[in-house]
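The values are calculated or read from the model by the stated rules, or taken from the named source; none is laboratory data. Everything numeric here is computed off the predicted structure, so don't read it as measured data. Cβ sites come from the backbone with ideal geometry, for glycine too, and all protein chains shown count toward neighbours.
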Amino acid sequence: MIATAPDTPFATLSPDLIVAAVEAAGFPADGRVLALGSYENRVFQVGVEDGPPLVVKFYRPGRWTDAAIAEEHAFACELAAAEIPVVAPLPLGEHISSFGRGPVPVFGGFRLALYPRRGGRWPELGTEDDRQWIGRFLGRIHGIGRAGRFEHRPRLAVGALGRDAVAWLLQSGRVAEYIAHRYEQVTSELLDLVEERFAAVGPLRYLRIHGDCHRNNVLWTDAGPHFVDLDDCMTGPAIQDLWMLLAGSADEMHAQLADILEGYRQFADFDDSEIALIEPLRALRMIHYAAWLARRWHDPAFPRAFPWFGEARYWERHVAELEEQLGVTSRCVMW
């Protein structure tokens, strides 16, 4: 049985259950449990006797279907089999009987996955070589991504990320009343512009992508980058996995993208017309992020981690940022 309590989805996820899940997979845990940074799911490093620690991820109940999670795992394993540095879940093999039946392991009411622990540092991408390096691996990921397709993962869409998010927020009452009209007006204008930009680019080539490829989901070692957390893998255009790695001024981001694409094109084709979607995609992420926080506010971890979200002045800042993004998006036709 899957845990489904909407208000306190992880209330029964105790240290004892975490340790028991790792031991059920055949690893003798030593009792050390360290919570890692994660809000959508719950992720822990668990010490193992006479061996390196493991990472166990417990999925948020009700977010994904078994089939969607199984596709995430299969995609990660497909990439790892191609010697692309993606941290893939460990096969449970003979211990699968310790977990609930189905395509995804279940223990104590939670879907889960176990991973080897992979260390690393946050990637600065401060050199041309580093940017080309990560571009080569993204090209390889997308080469594999084009070779198959998802049946159960989401598809990047303006409606789901933008229109639906705005409608939900306005109906939820989360937006401060005195600024709700201004929020509705700017998001309407911004999303009209986003849709125009997508239409102007024309038919996009959709493929299996990481989906949430920002720098926190890349760990860097002396051996180069490795990618973690495919929880948001989806069907989408290639540019979605590139633009979140960019940072700084417009000129700096132009140079960074040129380096990333130089490495990328060694392994995969890239349609330059997608560059025009960088600012529209940024706008969608800004809108969707606010709705994500609001939808998760019942989870006690969110008010603790994001206390500023409950303040009225958050919406003042958010609307001002959306107005600024409207100006940026209107000016950037080809970025």
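Among (1) within 30 Å of PHE309 (Cα to Cα); (2) of a type outside the set (S, T, N, Q); (3) under 18 Å from the mean Cα position of the chain (by Cα), there is one condition GLY145 misses while meeting the rest; what is its number?
(1)
Scan (1) exposed (fewer than 15 other Cβ atoms within 10 Å of the Cβ); (2) touching a helix residue (DSSP H, G or I) at 6+ places or on another chain (Cβ under 7 Å) for the single condition VAL46 breaks and write down its number.
(1)
Of everything in the stretch 126-155, what is assigned to a loop (DSSP other than H, G, I, E, B) and either in the same structural domain as VAL43 (by TED's automatic domain parsing) or surrounded by fewer than 20 Cβ atoms within 10 Å (Cβ to Cβ) (or both)? Give them in sequence order.
Hits for the stretch 126-155 are GLY126, THR127, ARG146, ALA147, GLY148, ARG149, GLU151, HIS152, PRO154.
Of the conditions (1) modelled with pLDDT under 95; (2) touching a strand residue (DSSP E or B) at 6+ places or on another chain (Cβ under 6 Å), SER330 satisfies every one except a single condition; which number is it?
Status for SER330: all satisfied but (2).
Which condition does VAL106 not pass, out of (1) more than 16 Å from VAL228 (Cα to Cα); (2) touching a Phe, Trp or Tyr at 6+ places or on another chain (Cβ under 6 Å); (3) at pLDDT 95 or above, if it passes all the others?
(3)
Given the conditions (1) buried (at least 21 other Cβ atoms within 10 Å of the Cβ); (2) over 14 Å from the mean Cα position of the chain (by Cα); (3) closer than 27 Å to ARG118 by Cβ, and given that ALA301 satisfies all but one, which numbered condition is not satisfied?
The number of the failed condition is (1).
Restricting the search to the stretch 238-258, which residues are of a type outside the set (A, V, I, L, M) and under 23 Å from the mean Cα position of the chain (by Cα)? Outline the logic, then answer.
Taking the stretch 238-258 first, the residues of a type outside the set (A, V, I, L, M) are 240-241, 243, 248-249, 251-252, 254, 256.
The answer is GLN240, ASP241, TRP243, GLY248, GLN256.
Please go through the stretch 52-85 and pick out each residue that is free of Cβ contacts under 8 Å to residues at least 12 places away in the same chain and not hydrophobic (A, V, I, L, M, F, W, C).
Within the stretch 52-85, GLU83 is the sole residue that qualifies.
How many residues are of a type in the set (Gly, Ala, Ser) and assigned to a strand (DSSP E or B) when one looks only at the stretch 31-79? Please lay out each step first, then the result.
First, the residues of the stretch 31-79 that are of a type in the set (Gly, Ala, Ser): 31, 35, 37-38, 47, 51, 62, 67-68, 70, 74, 76.
Narrowing further to those that are assigned to a strand (DSSP E or B): 31, 35, 47, 51.
Going through the stretch 31-79 one residue at a time, the tally reaches 4.
Which of the residues belonging to the stretch 155-188 are touching a Leu at 6+ places or on another chain (Cβ under 9 Å) and over 27 Å from ARG208 (Cα atoms)?
Passing the criteria: ARG174, VAL175, ALA180, TYR183, GLU184, VAL186, THR187.
Given the criteria assigned to a helix (DSSP H, G or I) and either in contact with a Lys or Arg (Cβ under 6 Å, 6 or more places away or on another chain) or crowded, with 17+ Cβ neighbours inside 10 Å (or both), does PHE309 qualify? Lay out the reasoning, then the answer.
Numbers: assigned to a helix (DSSP H, G or I): yes; either in contact with a Lys or Arg (Cβ under 6 Å, 6 or more places away or on another chain) or crowded, with 17+ Cβ neighbours inside 10 Å (or both): yes.
Here the answer is yes, as PHE309 does meet what is asked.
Do the conditions hold for ALA167, that is, is it modelled with pLDDT of 95 or more, among the hydrophobic types (A, V, I, L, M, F, W, C) and assigned to a loop (DSSP other than H, G, I, E, B)?
Answer is no for this residue.
Does ALA160 meet the test of being without any contact (Cβ under 8 Å) to a residue 40 or more places away in the chain, assigned to a helix (DSSP H, G or I) and within 18 Å of the chain's Cα centre (by Cα)?
yes
Given the conditions (1) in contact with a helix residue (DSSP H, G or I) (Cβ under 8 Å, 6 or more places away or on another chain); (2) surrounded by 14 or more Cβ atoms within 10 Å (Cβ to Cβ); (3) of a type outside the set (Ser, Thr, Tyr), and given that GLY26 satisfies all but one, which numbered condition is not satisfied?
Looking at each condition in turn, GLY26 falls short on (2).
Select from the stretch 165-190 the residues that are of a type in the set (D, E, K, R) and in contact (Cβ under 8 Å) with a residue 24 or more places away in the chain and write down the one among them that is nearest to ILE144 (Cα to Cα).
Among them, the one singled out is GLU189.
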